[in-house]
Amino acid sequence: MIQPYEIENNQLSIGGIKVSELVSEFGSPLYVYNESVIRDRYTTLVNAIPYPHKRLHYAMKANSNLRILKLFLEMGAYIDAVSLEEVRLALHAGFSPDKILFTGINLKNEELHWLVSQNIRVNIGSLHMLQKYASLFPGTEVSIRINPDFGGGHHSHVITGGRESKFGIFYSQEGNYNQIPQAKQIIERAHLKLVGIHAHIGSGILEEKKFIELISLILSIAKHFPDLEFVDFGGGFGIPYRPHEKPFQFDLFAEHLEKTMQKFTKEYGKEVIIAFEPGRFLVAEAGILLTTVTEIKHTPKYTFVGVDSGFNHLIRPMAYGSYHPILNAFRVQGEQKEVVIAGYLCESGDLFTRNEHGPEVRSITTPLEGDVLAILNAGAYGFAMSSNYNMRPRPAEVLITPEGPKLIRRRETFEDMIRFFV
Ligand SMILES: Cc1ncc(COP(=O)(O)O)c(C=O)c1O
């Protein structure tokens, strides 16, 4: 697989452009995405699914930059959207309504009305919402999201299956907490046509067996619904963040997928489309957050390296104790220092090197004031989860294209931040 960066003369480049040049042209902090890596991950995933009728719905919550959406449109992707505004942005990017599956929750009636008026397919994740949909739109098509009583993911906050999760119509093989018969009854009474069955069990999953289990389970439910056009196994394919983690082995899951789909098609009597909804896998490794060292300070315990960014730009270390590899872009190799890399926000938890308990020391080539640090694997749930906390503007975003670096979102200004006050 293509790497997002290169090292030349001990300096970091992204897509052939030196980090020092990127920062002098576009400023710091800066999000940089490598287009060729996004293309590579999309093709990898398409090729990894050994079934002809397949769709990849890009989970745009991972990174909703308009230019990146257009890139996915051009590559033939579909969209997974979870808010009306995501739907509007996808339509604005050029996706037709039939390429969008909506899986938002806690919807108001007017939101359901808007989605239906726009011909957006709604994927419903509770009996309550299914009943509401059935009363408002009898005789129409619908899709349901199942909670298969297990989940997966890199942190409890992102596990979306199982008994502690708020998502999906519950299905359990144990006890009598199986909501599928009630869902079937609601569907039949309102003459709804169930065209899709969906599950998304979590994010950052590196265990192939979770998908193997999920595919079998969803297909065993699917065979009881005769009108299906698609089954959707959600997103969640992980990427290795920590050095010991191994990439997701697509060949293991592909073998199972091929066999189970063949068996399912025979029993079901027709071919259905299979869909996945990857976000992280497609964009995480393509993105790098560049941030400049502004000060270095010591306590009896740690050396803190202060930078011009914080969890307002990349919240993953703060929210999940996530690990992101960090390189000194100006001297990738050399004498190492054990440091804690600290953001500029007024909050002690604002550290780029931390785990769930607190600071985590990292070895990095001696950082000096003015050096630029490259925080890797920041393309998914990075900018997308950013904020203006401490009245700090969001950084610019740049895409490295075959024609060179392109500014795809300008840096925010003070004026941008105050324009909502009335
Ligand atoms: C319904 C749904 N589909 C797909 C995804 C994408 O997950 P990931 O980025 O881990 O592939 C999410 C993310 O949480 C989701 O909620």
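The values are calculated or read from the model by the stated rules, or taken from the named source; none is laboratory data. No experiment lies behind these values; they were computed from the predicted model shown. When we count neighbours, we look across all protein chains shown, and the Cβ atoms used for this are built from the backbone with ideal geometry, even at glycine.
Within region 166-218, can you find the residues that are under 21 Å from the mean Cα position of the chain (by Cα) and either more than 16 Å from the ligand (Cβ to nearest atom) or on the phi > 0 side of the Ramachandran plot (or both)?
168, 202, 204, 209, 212 - these are the residues of region 166-218 that are under 21 Å from the mean Cα position of the chain (by Cα) and either more than 16 Å from the ligand (Cβ to nearest atom) or on the phi > 0 side of the Ramachandran plot (or both).
Looking at region 29-75 only, could you name the residues that are surrounded by 22 or more Cβ atoms within 10 Å (Cβ to Cβ) and either assigned to a strand (DSSP E or B) or small (Gly, Ala, Ser) (or both)?
30, 31, 32, 33, 34, 56, 57, 58, 59, 62, listed by residue number.
How about region 223-252: which of its residues are out of contact with any strand residue (DSSP E or B) (no Cβ under 9 Å at 6 or more places or on another chain) and assigned to a helix (DSSP H, G or I)?
We begin by selecting, within region 223-252, every residue out of contact with any strand residue (DSSP E or B) (no Cβ under 9 Å at 6 or more places or on another chain); these are 223-224, 239-247, 249, 251-252.
Hits for region 223-252 are 251, 252.
Would you check if there is a residue in region 149-158 being at pLDDT 95 or above and within 13 Å of the ligand (Cβ to nearest atom)? Steps first, please.
Quick first cut of region 149-158, residues at pLDDT 95 or above only: none.
Looking for residues that are at pLDDT 95 or above and within 13 Å of the ligand (Cβ to nearest atom), one finds none in region 149-158, hence no.
Just for region 168-222: of the residues that are part of a helix (DSSP H, G or I), polar (S, T, N, Q) and touching a residue at least 12 places away in the same chain (Cβ under 8 Å), which one is farthest from residue 136 (Cα to Cα)?
Going residue by residue through region 168-222, those that are part of a helix (DSSP H, G or I) are 180-189, 208-222.
Next, only the ones that are polar (S, T, N, Q) stay: 182, 185, 216, 220.
Filter once more, so that each one left must be touching a residue at least 12 places away in the same chain (Cβ under 8 Å): 182, 216.
On the way: 182: 18, 216: 33 Å.
Selected residue: 216.
Which condition number in (1) outside any loop (DSSP other than H, G, I, E, B); (2) under 23 Å from the mean Cα position of the chain (by Cα) is the one that residue 322 fails?
(1)
Kindly provide the set of residues from region 164-186 that are more than 14 Å from residue 199 (Cα to Cα) and either modelled with pLDDT under 90 or out of contact with any helix residue (DSSP H, G or I) (no Cβ under 9 Å at 6 or more places or on another chain) (or both), ordered by number.
Selection gives 164, 173, 174, 175, 176, 177, 178, 181, 184, 185.
A quick yes/no check of all residues on (1) surrounded by 18 or more Cβ atoms within 10 Å (Cβ to Cβ); (2) touching a Pro at 6+ places or on another chain (Cβ under 9 Å):
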{"residue": "307", "(1), (2)": "yes, yes"}
{"residue": "319", "(1), (2)": "no, no"}
{"residue": "322", "(1), (2)": "yes, no"}
{"residue": "340", "(1), (2)": "yes, yes"}
{"residue": "347", "(1), (2)": "no, no"}
{"residue": "364", "(1), (2)": "yes, no"}
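Results for (1) more than 13 Å from the ligand (Cβ to nearest atom); (2) within 14 Å of the chain's Cα centre (by Cα); (3) among the β-branched types (Val, Ile, Thr), shown as yes or no for each residue.
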position	(1), (2), (3)
22	yes, no, no
25	yes, no, no
36	yes, no, no
46	yes, no, yes
52	yes, no, no
61	no, yes, no
70	yes, no, no
74	yes, no, no
80	no, yes, no
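For a quick check of your reading of the model, give me the residue pairs whose first member lies in region 73-96 and is modelled with pLDDT of 95 or more, whose second is loosely packed, with under 13 Cβ neighbours inside 10 Å, with beta-carbon atoms closer than 7 Å and at least 6 apart or on different chains.
Pairs found: 73/94.
Pick from 154, 128: which is assigned to a helix (DSSP H, G or I) and either over 29 Å from residue 280 (Cβ atoms) or assigned by TED's automatic domain parsing to the domain that holds residue 247 (or both)?
Details: 154 fails: assigned to a helix (DSSP H, G or I).
Criteria check complete, one pass: 128.
Hey, any hits in region 244-252 for a residue that's touching a residue at least 40 places away in the same chain (Cβ under 8 Å), on the phi < 0 side of the Ramachandran plot, aliphatic (A, V, I, L, M) and buried (at least 20 other Cβ atoms within 10 Å of the Cβ)?
Taking every residue of region 244-252 in turn, none turns out to be touching a residue at least 40 places away in the same chain (Cβ under 8 Å), on the phi < 0 side of the Ramachandran plot, aliphatic (A, V, I, L, M) and buried (at least 20 other Cβ atoms within 10 Å of the Cβ).
Given (1) touching a strand residue (DSSP E or B) at 6+ places or on another chain (Cβ under 9 Å); (2) farther than 23 Å from residue 164 by Cα, where does residue 269 come up short, assuming only one miss?
(1)
Can you find, within region 374-422, the residue that is surrounded by the most Cβ atoms within 10 Å (Cβ to Cβ) among those that are within 16 Å of the ligand (Cβ to nearest atom) and assigned to a loop (DSSP other than H, G, I, E, B)? Give the derivation first.
Narrowing region 374-422 to residues within 16 Å of the ligand (Cβ to nearest atom): 377-385.
Checking the rest, the ones that are also assigned to a loop (DSSP other than H, G, I, E, B) come to 377-382.
Values: 377: 23, 378: 28, 379: 32, 380: 26, 381: 25, 382: 26.
Filtering region 374-422 for residues that are within 16 Å of the ligand (Cβ to nearest atom) and assigned to a loop (DSSP other than H, G, I, E, B), the one surrounded by the most Cβ atoms within 10 Å (Cβ to Cβ) comes out as 379.
Can residue 340 be described as β-branched (Val, Ile, Thr) and outside any loop (DSSP other than H, G, I, E, B)? Even if it seems obvious, please write down each step before you answer.
On the way: β-branched (Val, Ile, Thr): yes; outside any loop (DSSP other than H, G, I, E, B): yes.
Against the criterion (β-branched (Val, Ile, Thr) and outside any loop (DSSP other than H, G, I, E, B)), residue 340 qualifies.
If residue 131 satisfies all but one of (1) surrounded by 13 or more Cβ atoms within 10 Å (Cβ to Cβ); (2) closer than 26 Å to residue 274 by Cβ; (3) at pLDDT 95 or above, what's the number of the condition it fails?
Failing condition for residue 131: (2).
For the list (1) within 16 Å of the ligand (Cβ to nearest atom); (2) without any contact (Cβ under 8 Å) to a residue 24 or more places away in the chain, I need the number of the one condition that residue 282 fails.
Of the numbered conditions (1) within 16 Å of the ligand (Cβ to nearest atom); (2) without any contact (Cβ under 8 Å) to a residue 24 or more places away in the chain, the odd one out for residue 282 is (2).
Among the residues of region 262-282, are any more than 27 Å from residue 143 (Cα to Cα) and in a helix (DSSP H, G or I)? Lay out the reasoning, then the answer.
Looking only at region 262-282, we keep the residues that are more than 27 Å from residue 143 (Cα to Cα), and these are none.
No - not one qualifying residue is present in region 262-282.
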